[in-house]
Amino acid sequence: MTNELKVVSLKKNKNNYVVLLSDGTEIEANEDLILKYRLVEKHILDEDDLNKIKDDSLYFKLYDKSLNYLSKNSTSKGKMVDYLINKGASLDLANKIVNELENRKLLDDRKYMQALCSHYIRAGYGKLYILNIAYKYKIEKSIANNALAEIDEEEFINSCICVGKKKVKTLNKYDEYNKKNKLIIYLQNRGFEYDVINQCLKEIL
C-alpha cells in the first residue's frame, strides 16, 4: 500500500505557490496545477499522485518560462526546444511544451521564416545566407525553401544592387578587374547566388 501524504500549507510565492506536504516536500505550483490536483490544505495524496505532480510542476514551470520568453522574443520551434532543455527540460518534455505552443499558435516556423526573410533581405543578404540562418534556427528545410520561393526575385536583385553600390565605393583604389572580383566575392559572402550577382554587376559598376 502506498503511503499517503497530506497537504500542510499553501503559500503564495511571487506568481506561483509553494505547496508544503506532510513529509516535508515542497512543490512549486501554479494555479493550473493546484486546480488539477486539488492542492489545498488537508487534501490527501499518494506517492503516485506526488510523482505526477512533480512532473506536471516542471511542465507548468517551464511552460510559463516559455511564455515569458515569447513575450520578449520571437523564435523557432527548434530554438525553443534548446531553450527549454537549457532550463532543465528533457527532450520529450521540451517537445511536449513546444507542441502545445504550436497548437496555440504561439510558435509558427512558417511565419517566423517569412519574418527572417524580410529582415535579412532588407539588411542586404541573399538566399544562401538566409538558408544558413534558417539552418541555425533549426527550421525545416522545406519550410525555409517554400518561404524563399514565395519571394519575388526582384527583391533579391534590388537588395544586391543596394549593398553592392555601397561596397564598390570602398574599392576605388583597385583597378577594374580587381574591383569586380572583390565585389563578386563580397556579394557571394552575403549569400547572393551567382546569377543574381551577374545581373546586378552592370547596375553596380
Simple spin-label estimate for Asn158 and Lys52 in nanometres, 7 Å along Cα-Cβ: 5.8
Shape metrics for the chain, restricted to C-alpha atoms - Rg then Dmax, Å: 26.5, 88
Using just the C-alpha positions of the range 4-103 as equal point scatterers, what log10 of I(q)/I(0) does the Debye formula give at each q in 0.15, 0.18, 0.24 1/Å? -0.64, -0.84, -1.18
Please identify every one of the trypsin sites (Lys or Arg not before Pro) in the range 175-205 that sits in a loop by DSSP and has no more than 15 other beta carbons within 10 Å of its own beta carbon. none
His43's amide H: which non-local residues (gap 5+, or another chain) put their own amide H closer than 5 Å, with H modeled 1.01 Å from N in plane and none for Pro or chain starts? Val7
Additional length obtainable on full extension of the chain from Asp32 to Glu140, 0.36 nm per residue less Cα span: 35.6 nm
Tilt of helix 153-168 relative to the longest C-alpha principal axis of the chain, in degrees (0 to 90, nearest 10)? 70
Each residue of the range 94-110 in turn: what ³J(HN,Hα) in whole Hz from Karplus with 6.51, -1.76, 1.60 and θ = phi - 60°, glycine and Pro shown as x? 4, 5, 4, 5, 5, 4, 5, 4, 5, 4, 8, 6, 8, 10, 8, 5, 5
Do you know the relative contact order of the range 109-204, to the nearest whole percent, from alpha carbon pairs under 8 angstrom that are 6+ apart? 37
Once label points are set 7 Å from the Cα along Cα→Cβ at both Lys165 and Lys14, what is their separation, rounded to one decimal in nm? 5.1
Please list, in order along the range 177-184, the HN-Hα scalar couplings obtained from phi with the Karplus expression 6.51 cos²θ - 1.76 cosθ + 1.60 (θ = phi - 60°), rounded to whole Hz, x for Gly and Pro. 5, 5, 4, 5, 5, 5, 5, 4
From the backbone phi of the range 9-24, what are the Karplus-calculated ³J(HN,Hα) couplings (6.51 cos²θ - 1.76 cosθ + 1.60, θ = phi - 60°) in whole Hz, Gly and Pro given as x? 8, 9, 10, 5, 9, 6, 8, 10, 10, 10, 9, 9, 9, 5, 8, x
Using a cut-off of 25 Å between alpha-carbon atoms, which lysines can reach Lys167, once sequence neighbours fewer than 8 places away in the same chain are excluded? Lys127, Lys179, Lys180, Lys182, Lys202
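No value in this document is a laboratory result; all are computed from the given coordinates. Predicted model only: the values in this text are computed from it and were never measured. Note that we place each Cβ from the backbone using ideal geometry, even for glycine, and neighbour counts take in every protein chain shown.
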